[in-house]
Structures are given as structure tokens and as C-alpha cells.
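In what follows, a single structure is set out as C-alpha cells and then discussed.
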Amino acid sequence: MEYFVSNFFAGFMTVAVKTLKDNASPSELSDLMSEYQLLKEVTHPNVVKLLGACTTPDAPVYIIIEYCALGSLRAYLRRCRNIKTASELGNPESARTKNEIVPRDVLSFAWQISKGMAYLAEIKLVHRDLAARNILLATGKVCKISDFGLTRDVYEDDTYLKKSRGRVPVKWMALESLADHVYTSKSDVWSFGIVLWELVTLGSSPYPGVAVQNLYHLLKNGYRMQRPQNCSLELYEIMKDCWSSNPSDRPSFVRLTDKFERMLEDGADYLDCNERMVSNPAYFGGTNQDLQEKPVVKYENENVNSLTSYDTPKQHSQDSTPFQITNYTTPLINGLAVDNR
């Protein structure tokens, strides 16, 4: 799947055009057509707007959507930490772009995303791939939920059982989705909790240092990502509520929207956006020499490397057994292509 920008209607409007790569599979074409059908039915200021499409038989499929000048939310957050993608490094224009973010921006992003997701839940749509990379940012820092290739409509008991196999965004998925392929609006709420963590850490990759093969076992046994040091307890409690093992214990998107609206109104700073406070050593990586010079530390989930700043060291008694890492199996992951972006 790829995007390109085009001038539309004889140069009066700049748009984004989504199409398939030359080597796309039939399932990718099916996902793109599914996204087109869904976008025809949705209208909300925080959901990307469909402007048109070209679906001529035996010809490339093009979906024309509104252009969001600031790109993906994840890319924007990372630019606020002066982290450039490969394409941006070769672009002199992006080198001159200064991105700034304040705590109110983060709360606004969370509020806008929860509003858009509340709308989708109301019309019985389950996104299934909610992540900062799938949220676009328009001029004025307006969030637009996008990438509906995995979205399905749900009309009976609010549950969608996925039977097909394909790429799965494991680190954004709820426990019940990993275990039983079950997707609901409440599994989207779990994903929203991961997005909130991405927002607070300015675009870090979730579960730093944790292999996807081990993730299900860790989550099943109660592990959750630790509170980033720049995050308030109140904001972290919202994340943890979204990650409740029981879907019915997770807040609704309507409730989340109300919560963030009140937080915006009270004017308090619920996090620190200083890039030094959100730096994640595991995200940046390190040289072999750096790793060799650091002492071995045992971490709470026993699968997090020693560079990770978001997981606290585990206290061991003197007679504890030698530290070992066990490779557990996640039910959904075996035999699947894993989307670990």
C-alpha cells in the first residue's frame, strides 16, 4: 500500500491518493476495496474523509482522500524529538521544519482520537488496527483516524470473530484478540491505551525490548508497560484502565472523550514533553560495545533488555535461581506475518 500527493480538480485542491504496489496480493486488494466501501459510509471531523475513487475493472484502484499536511501522528511525534526518517533525512525542506509539542497538544490528540473512535463505535465499526502510525495529522493539528483496511462492521452482539490469517499488529492488540481472534470496540479501547502510551513517549515503539513471541504470556500473567517517567499518575491510570484483562472493565470511548475534555478544561499539565524526559534508550539502540560495558540487570517482565527505560529492575533475593529467558508461545502469532512496527 502506498500514498502519493496529487493536485485535484485542476489544481484547486491537494489530495492524497492511496493505491496498491505492483506486487500487491489479492488480500491487499480486498482490504483496499473494503476500506473504500467503509469510507463511503463515515463522516466525522476526526476520521479521514473520502473524496473519490477509481475502481475501473482490470485497472489500478485509487482511493482519493483528504490531504493531511503534517503526515502520520507517529512521524510527527518523532520529529518533535528530532528523529528523522530515511526519506526526511534526504529532504532539505524537512530539515528546516521545526516541530514543537506541549502537554496540551498530547491531551488534544488523545481527545480527538477518542472522539473519532466513539463515532466509529456508535455506528458499529471495529477498527482493529488503531495505532499512531494510522492516524493522520492535518493542518491545525487535527487528528484524522485512517487506514481502515482491517476495519469490519459489527451488528450482532458487538463481536467480530476473525477467521482469516494475515499480518497482525501484535503489540497493539488486546488479550482476547491475541488469544481468540475476537475484536470488539473494547479491543479498540485496548489499542487506544497503546496509542496513549505512544503519545506520552512521543512516538516510541511499545513494549521496548519485548519479543512478540513472549508478549501474550506476559500480558496474560498481568504484565503491563510501566509508567513513563514524564507521565502523571492520572494519565497512566487511564492507560491501565484501557488494558484491563476483562473487556467490560475497560472504559468506553465516550467516557474517554469526556475524561480528556475535562483534563483539557482544567488546564493542568499531565505530562512533561521535554524530549530529555521521554528519550527511550531501547528505541535508539546502541553499539555492541555499549551493551558489553553495561552490567546485566534483571527486569520485571524478564524479557526486557537492559537499555529499556520504561521497565523497572526486578528485585531478586540472594538465593534466587539464575536468570533465564523463556520463549513462550502466543496463540495468534504462530504461522502469521507479524506487524511489529
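Do you know which of the residues in the stretch 218-230 that are basic (K, R) and part of a loop (DSSP other than H, G, I, E, B) is farthest from V278 (Cα to Cα)? The selected residue is R224.
Among the conditions (1) open to solvent by less than 30 Å² (accessible area, probe 1.4 Å); (2) modelled with pLDDT of 95 or more, the only one that Y119 does not satisfy is (1). Residues that are under 18 Å from the mean Cα position of the chain (by Cα) and more than 28 Å from R79 (Cβ to Cβ) do not occur anywhere in the stretch 188-197.
Scanning the stretch 122-133 for residues that are more than 15 Å from the chain's Cα centre (by Cα) and surrounded by fewer than 22 Cβ atoms within 10 Å (Cβ to Cβ) returns E122, I123, K124. So if I check each of L233, L307, L256, which one is surrounded by 11 or more Cβ atoms within 10 Å (Cβ to Cβ), modelled with pLDDT of 60 or more and of a type in the set (A, V, I, L, M)? Only one candidate passes the filter, namely L256.
Restricting to the stretch 167-192, and then to whatever is aliphatic (A, V, I, L, M), open to solvent by 10 Å² or more (accessible area, probe 1.4 Å) and in a helix (DSSP H, G or I), can you tell me which residue is farthest from I123 (Cα to Cα)? Per the criteria, the residue is A179.
For every residue, the table says whether it meets (1) in contact with an Asp or Glu (Cβ under 9 Å, 6 or more places away or on another chain); (2) assigned to a loop (DSSP other than H, G, I, E, B); (3) touching a residue at least 24 places away in the same chain (Cβ under 8 Å); (4) of a type in the set (F, W, Y).
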position	(1), (2), (3), (4)
V210	yes, yes, yes, no
Y216	no, no, yes, yes
M239	no, no, yes, no
E261	no, no, yes, no
D269	no, yes, yes, no
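Quick check on my filter: what residues within the stretch 43-79 are at pLDDT below 90, open to solvent by less than 50 Å² (accessible area, probe 1.4 Å) and in a loop (DSSP other than H, G, I, E, B)? If the condition is that a residue be at pLDDT below 90, open to solvent by less than 50 Å² (accessible area, probe 1.4 Å) and in a loop (DSSP other than H, G, I, E, B), then A59, V61 are the ones that fit.
The values are calculated or read from the model by the stated rules, or taken from the named source; none is laboratory data. Just so it is clear, the structure is predicted and the values come from calculations on it, not from any experiment. With ideal geometry, Cβ positions are generated from the backbone for all residues, glycine too; neighbour counts draw on all protein chains shown. Just so you know, the surface numbers come from the protein's heavy atoms only, side chains and all, with ligands and any DNA or RNA stripped out. Shrake-Rupley method; radii C 1.70, N 1.55, O 1.52, S 1.80 Å.
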